[in-house]
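Data first, discussion second: the structure below is written as C-alpha cells.
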C-alpha cells in the first residue's frame with residue numbers, strides 16, 4: 001500500500017521542489033503536491049513518519065504528519 005503524509009510549511013512551487021528533492025532520497029518516485037500539501041510514496045516503499053521528518057528538517061521548516 002502506498003504511504004501518504006501531509007506536509008506543512010509548503011507555500012509555493014519552490015517549496016514543493018525542495019521537498020520533492022529531499023524526499024527522493026527515500027523514494028525516487030515520490031510525488032509532492034501543494035494543493036493539498038501532500039507527499040505520496042510508491043507502493044512497497046517502507047518509510048516512517050520519523051524518517052520523512054528527518055529528511056525535511058535538513059532543508060527547512062517543513063513537517064510531515066499522518067493523513068487522517
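Determine, from the Cβ-Cβ distance of residue 67 and residue 43 and an R0 of 22 Å, the FRET efficiency 1/(1 + (r/R0)^6), rounded to the nearest 0.05. Please list the in-between numbers first.
Working: r = 16 Å, r/R0 = 0.72.
Between residue 67 and residue 43 the formula returns 0.85.
Just to be sure I understand the curve: with the Debye formula and one point per C-alpha of the range 16-57, what is log10 I(q)/I(0) at q = 0.19, 0.20, 0.23 Å⁻¹?
Those come out to -0.49, -0.55, -0.73, one per q.
Working out 0.36 nm times the residue gap between residue 53 and residue 31, then minus their Cα-Cα distance, what length gain in nm do you get to one decimal? Could you put the intermediate results ahead of the total?
Numbers: separation 22, 0.36 × 22 = 7.92 nm, distance 1.59 nm.
So the chain would gain 6.3 nm between residue 53 and residue 31.
Using only Cα atoms, tell me the angle between helix 13-23 and the longest principal axis of the chain; keep it within 0 to 90° and round to the nearest 10.
40
Laboratory data are not the source of any read-out in this text; all were calculated from the coordinates shown. Only a predicted model underlies this, so the values are computations on that prediction, with no experimental measurement involved. Positions of Cβ are backbone-derived with ideal geometry, glycine not excepted, and every protein chain shown enters the neighbour counts.
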